[in-house]
1. Sort out which residues of the range 320-343 are open to solvent by 60 Å² or more (accessible area, probe 1.4 Å), outside any helix (DSSP H, G or I) and not aliphatic (A, V, I, L, M), and write them in order of number.
2. Please work out if A145 is crowded, with 18+ Cβ neighbours inside 10 Å and without any contact (Cβ under 8 Å) to a residue 40 or more places away in the chain.
3. Consider the range 356-367. How many of its residues are in contact with a Lys or Arg (Cβ under 7 Å, 6 or more places away or on another chain) and either among the charged types (D, E, K, R) or not in a strand (DSSP E or B) (or both)?
4. Any residue in the range 243-250 that is modelled with pLDDT under 90, open to solvent by less than 80 Å² (accessible area, probe 1.4 Å) and under 22 Å from P303 (Cβ atoms)?
5. Determine which member of the set A166, A171 is open to solvent by 40 Å² or more (accessible area, probe 1.4 Å) and either farther than 30 Å from D87 by Cα or hydrophobic (A, V, I, L, M, F, W, C) (or both).
6. Within the range 52-74, count every residue that is open to solvent by 70 Å² or more (accessible area, probe 1.4 Å) and either touching a Gly at 6+ places or on another chain (Cβ under 7 Å) or at pLDDT below 95 (or both).
7. Report yes if some residue within the range 268-275 is touching a helix residue (DSSP H, G or I) at 6+ places or on another chain (Cβ under 9 Å) and open to solvent by 50 Å² or more (accessible area, probe 1.4 Å); otherwise report no.
Amino acid sequence: MIQKPAHLDHPTWQPAAVLTLALGLLSGCNEAKNKLVLPAPANVGVAAPMQRAVTPYLEHTGTMTAFASVDLVARVNGYLKSINYVDGATAKAGEILFEIEPAPYQAQLSATKAALDGAKAGLVQTQAEFERQDTLSKEGVNTQANLDKARANRDTDKANVESADANLQTAQINLSYTRVEAPFDGTVTRHLVSLGELVGVAGHTNLASIVQLDPIYVTFNVSDQTLMKVRENGRLTLAELQQIPIDVGLMDEEGFPHRGTINYVSPNIDPQTATILVRGVFENKNHALLPGMFVRLRVPMGPPKPDALLVPDRILQQNQEGRYLLVVGANDEVEQRAVQLGELDGQLRVITAGLKPDDKVVITGLDRAIPGRKVNTRPISIASAAGGTDKSK
């Protein structure tokens, strides 16, 4: 007869106890297997913000406008005799661009000259008669009536001379209007009438336009809040305003390559938009700027700010609360720092609030820097990394 081992009769080795022991051993194995192993800290490049003097700028958009633009019109009626320019060509001040048939006005001028000569001859006669009658009156051998008559005739002929002289001037002006001249140096648009066409009959006929492109204006509107900020540094005279530089760049140009100066600020604020009109003037010898162009512009808002804090603009990030930077704080942990932005200075952005000079800003490895996690830091130069790529591994 086979006997059961004695240890199996012990109360602790009942079936339930055996099962419990087996499960405990299995659980211990799984805990060892599933133990969490944290990844090694990421490598990032950090740098303190750059500190240097920066001029605060107002960056805005504006519209280029012509320095001068005039419609060339026919101020007398007649047939168009000649068109003396090529459409789109430049013209000098005083250059004859159109000529209206002058013959009728030359004839009118000749007639008024003859009328003036006749009036002058009549005045010579009546002046002599008046002097004779005046002499006789002084000798007591003439009547007052004869003297008054001679004086009236003389004065009438004086008036006739003045009227004839005015008619002569009018005839000369009308003749000059047959030649349409460029009022200033500029570019002339396409002609709007054809050679031989009757012009100036039903009012002034528009023949073409001339536009002065050098110099050229830019106009833009500034809010009243911005105006108040500018005035914090004191009100400027017109002469001082005209010393303020203004830089302009086209939409496809890098930076602001065109340099001009402010030359006008409106004395009134528009109550509907709460803005004030500002105008700048630029040299434009190569006609790179044209009226109607929309441009980017910047204007200094005051003297340079010393020790401004700057970081590469490309490292700034944004969430629903605004713009922020990643900063490595105590214990090499990454933290998200909300900041306020100033002007853009090349590839660097001024930080006006939220950053301290000794902060370690994450410059490279941004995709591996997670707020709340530790990182391994490597110091780098902001100047060299402003336009660089992530090279931290």
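The values are calculated or read from the model by the stated rules, or taken from the named source; none is laboratory data. As the structure is a computational prediction, the values presented were derived from the model and not from experiment. Every residue, glycine as well, gets a Cβ built from its backbone with ideal geometry; the counts of neighbours run over all protein chains shown. For the accessible areas, the whole protein counts, side chains as well, though only heavy atoms, and no ligand, DNA or RNA atoms are used. Shrake-Rupley method; radii C 1.70, N 1.55, O 1.52, S 1.80 Å.
1. Q320, E321, R323, E333, E335, Q336, Q340
2. Against the criterion (crowded, with 18+ Cβ neighbours inside 10 Å and without any contact (Cβ under 8 Å) to a residue 40 or more places away in the chain), A145 does not qualify.
3. Step one: filter the range 356-367 for residues in contact with a Lys or Arg (Cβ under 7 Å, 6 or more places away or on another chain), giving 364.
Within this subset, residues satisfying the condition of being either among the charged types (D, E, K, R) or not in a strand (DSSP E or B) (or both) are none.
Adding up the residues that qualify gives 0.
4. We begin by selecting, within the range 243-250, every residue modelled with pLDDT under 90; these are 243-244.
Then drop every residue that is not open to solvent by less than 80 Å² (accessible area, probe 1.4 Å), which leaves 244.
Then drop every residue that is not under 22 Å from P303 (Cβ atoms), which leaves 244.
Yes: one or more hits.
5. Values: A171 fails: open to solvent by 40 Å² or more (accessible area, probe 1.4 Å).
Only one candidate passes the filter, namely A166.
6. Going residue by residue through the range 52-74, those that are open to solvent by 70 Å² or more (accessible area, probe 1.4 Å) are 52, 59, 61, 67, 69, 71.
Narrowing further to those that are either touching a Gly at 6+ places or on another chain (Cβ under 7 Å) or at pLDDT below 95 (or both): 52, 59, 61.
Of the residues in the range 52-74, 3 are open to solvent by 70 Å² or more (accessible area, probe 1.4 Å) and either touching a Gly at 6+ places or on another chain (Cβ under 7 Å) or at pLDDT below 95 (or both).
7. Filtering the range 268-275 down to residues touching a helix residue (DSSP H, G or I) at 6+ places or on another chain (Cβ under 9 Å) leaves 269, 274-275.
Those still in the list that are open to solvent by 50 Å² or more (accessible area, probe 1.4 Å) too: 269.
Within the range 268-275, one or more residues are touching a helix residue (DSSP H, G or I) at 6+ places or on another chain (Cβ under 9 Å) and open to solvent by 50 Å² or more (accessible area, probe 1.4 Å).
Yes or no, residue by residue, for (1) basic (K, R); (2) closer than 30 Å to I210 by Cα; (3) in contact (Cβ under 8 Å) with a residue 60 or more places away in the chain:
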| position | (1), (2), (3) |
| --- | --- |
| N263 | no, yes, no |
| R279 | yes, yes, yes |
| N286 | no, yes, no |
| F294 | no, yes, yes |
| D307 | no, no, yes |
| R323 | yes, no, no |
| L348 | no, no, yes |
| R373 | yes, no, yes |
